[in-house]
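The values are calculated or read from the model by the stated rules, or taken from the named source; none is laboratory data. Keep in mind it's a predicted model, so treat the numbers as computed, not measured. Neighbour counts are summed over all protein chains in view; Cβ atoms, including those assigned to glycine, are modelled from backbone coordinates with ideal geometry.
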Amino acid sequence: MNVLVIGKGGREHALVQKLSESPMVDELYAAPGNAGITEATCVDIVETDIDGLIALVHSKDIGMTIVGPEAPLELGIADRFHEAGLKVFAPTQKAALLEGSKSYAKAFMQRHEIPSAAYATFSDPEAAKDYIQAQGVPIVVKADGLAAGKGVVVAETTEEAIEAVDDMLVNKRFADAGATVVIEEFMEGKEFSLMAFVNGKDVYPMITARDHKRAYNQDKGPNTGGMGGYAPVPDVSAEDLTFSYEHILQKTADGLIAEGRSFTGVLYAGLMMTQEGPKVIEFNTRFGDPETQIILPLMKNDLLQVFEDVLAGKDPELEWEDQASVGVVLAANGYPEAYKKGMPIPQINGNVYTAYAGVAGTDEQLVANGGRVLLVGAKNDTAPEAAKTVYQALKQIDNNTDYFYRTDIGL
């Protein structure tokens with residue numbers, strides 16, 4: 001079967017790498033892909049050009065399409081593929097609203113008694129500021145729409161929270177995505193990510209991962225799209241996992257069916273382990289980034305077979321290696337604010353794997369073309385051992401001032 005992965009980042013590279021291992025795959029395509037993806041033929045069609053993608057699928061006789069990023073989901077790519085009679089592993093536009101609108105997601109969780117933080121929604125900046133003053137800090141301010149992982153501010157001070165409101169509602173930093181803000185209570189605890197393959201009421205959870213969103217060590221600095229992480233997460237008990245499966249993932253799948261938004265694809269729950277148990281921070285309606293780059297190397301299954309089974313209503317019987325994996329993101333200096341592009345990508349050798357994200361150029365010379373440039377990962381018996389392997393490899397570039405990475409992930 002010919003297979004297409006839509007997207008251009010590290011998540012998509014990880015999907016391509018895993019799919020390239022499948023004996024069921026004949027030809028593998030990525031659209032648009034990036035210059036670091038050598039396991040597939042990259043086709044220069046942007047993720048949001050749905051007409052162009054449908055034409056590609058017809059011309060290359062592609063039997064399965066996997067959608068990586070959120071933007072095409074919000075545009076209804078799955079609906080368009082269904083109308084054209086094409087097989088796609090992705091949720092419909094209606095189901096993808098669970099990620100596309102944080103205010104919808106919060107109200108949905110309230111309706112279906114899915115545990116989450118208390119919240120309020122505002123489009124008037126003065127009303128939002130009054131609410132912040134009344135609630136006190138710390139407090140969380142989120143842009144309602146899609147903001148590439150950057151529309152969340154965890155404010156430690158009232159000034160920070162008010163600045164975030166002005167940034168989103170007055171200065172329109174995220175354009176229409178920030179026309180409404182969701183303000184949430186701050187939840188105390190450790191975060192973890194839980195993804196599942198879903199088709200209607202059928203939910204097949206993957207192993208847990210912990211993603212580090214803050215730019216600098218000890219979870220300091222601004223929120224990013226993710227600076228690395230590890231899997232599985234040893235401090236989540238079997239009891240809390242079962243609760244998360246039953247009262248979060250399954251309830252969400254059932255609730256979406258009840259609301260006429262039946263979900264097919266990957267459901268991602270960003271969870272906080274609070275004193276009252278796991279609570280939802282956010283939902284995504286696609287594979288997480290960088291979690292995909294960390295989780296897929298531990299999967300024993302043929303990934304294409306998993307997609308086929310889930311779409312056919314069959315249990316894919318997921319199997320996982322009895323190991324841990326750690327991935328660390330190499331980012332351009334200045335990220336997530338202004339950063340340079342065009343710097344040569346350093347060669348990183350060792351017993352590690354690489355998932356390329358913000359890169360351009362040729363096989364001979366890759367150059368930086370984004371904030372998060374690549375992820376360096378390794379597997380071992382424990383996360384600290386895997387982390388040591390990664391950091392040993394990254395030591396080779398310690399004198400390179402074009403890039404930075406966190407030095408505390410998985411340790």
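Things to note:
- Odd one out for S193 among (1) touching a Leu at 6+ places or on another chain (Cβ under 8 Å); (2) exposed (fewer than 15 other Cβ atoms within 10 Å of the Cβ): (2)
- Total residues in the range 15-56, condition under 23 Å from the mean Cα position of the chain (by Cα), assigned to a helix (DSSP H, G or I) and without any contact (Cβ under 8 Å) to a residue 60 or more places away in the chain: 3
- Residues of the range 348-358 that turn out to be in contact with a Leu (Cβ under 8 Å, 6 or more places away or on another chain) and over 16 Å from Q293 (Cα atoms), as a count: 1
- The range 272-318: number of residues that are surrounded by fewer than 22 Cβ atoms within 10 Å (Cβ to Cβ), over 19 Å from N199 (Cβ atoms) and of a type in the set (D, E, K, R): 4
- For the range 125-151, filtered to residues that are of a type in the set (D, E) and modelled with pLDDT of 90 or more, the residue that is farthest from E74 (Cα to Cα) is D130.
- G265 vs. criteria in contact (Cβ under 8 Å) with a residue 24 or more places away in the chain, surrounded by fewer than 20 Cβ atoms within 10 Å (Cβ to Cβ) and not charged (D, E, K, R): no
- Any hit, the range 326-335, residues being under 17 Å from I207 (Cβ atoms), at pLDDT 95 or above, crowded, with 20+ Cβ neighbours inside 10 Å and within 22 Å of the chain's Cα centre (by Cα): yes
- Residues of the range 198-210 that are surrounded by fewer than 24 Cβ atoms within 10 Å (Cβ to Cβ) and not in a loop (DSSP other than H, G, I, E, B): N199, D202, V203, Y204, P205, R210.
- Taking first residues from the range 78-96 that are without any contact (Cβ under 8 Å) to a residue 12 or more places away in the chain and in the same structural domain as S262 (by TED's automatic domain parsing) and partners that are crowded, with 24+ Cβ neighbours inside 10 Å and assigned to a helix (DSSP H, G or I), no Cβ contact under 9 Å between residues at least 6 apart in sequence or on separate chains turns up.
- D363 being in contact with a Ser or Thr (Cβ under 9 Å, 6 or more places away or on another chain), loosely packed, with under 14 Cβ neighbours inside 10 Å and part of a loop (DSSP other than H, G, I, E, B): yes
- Hits in the range 380-409 (condition: modelled with pLDDT under 95 and assigned to a loop (DSSP other than H, G, I, E, B)): D398, N399, N400, T401
- Residue identified as surrounded by 24 or more Cβ atoms within 10 Å (Cβ to Cβ) and touching a Ser or Thr at 6+ places or on another chain (Cβ under 6 Å) among A71, A78: A78
- Remark: Y245 falls outside the filter, which requires a residue to be in contact (Cβ under 8 Å) with a residue 60 or more places away in the chain and either more than 20 Å from Y104 (Cα to Cα) or not β-branched (V, I, T) (or both).
- Take the conditions (1) part of a helix (DSSP H, G or I); (2) surrounded by fewer than 23 Cβ atoms within 10 Å (Cβ to Cβ); D235 misses just one of them, which is (1).
- Residue list for the range 211-227, filter: part of a helix (DSSP H, G or I) and either in contact with a strand residue (DSSP E or B) (Cβ under 7 Å, 6 or more places away or on another chain) or not acidic (D, E) (or both): N217, Q218
Listed here are the residues, each with its yes/no results for (1) assigned by TED's automatic domain parsing to the domain that holds L296; (2) of a type in the set (K, R).
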{"site": "N171", "(1), (2)": "no, no"}
{"site": "A196", "(1), (2)": "yes, no"}
{"site": "G226", "(1), (2)": "yes, no"}
{"site": "I248", "(1), (2)": "yes, no"}
{"site": "R261", "(1), (2)": "yes, yes"}
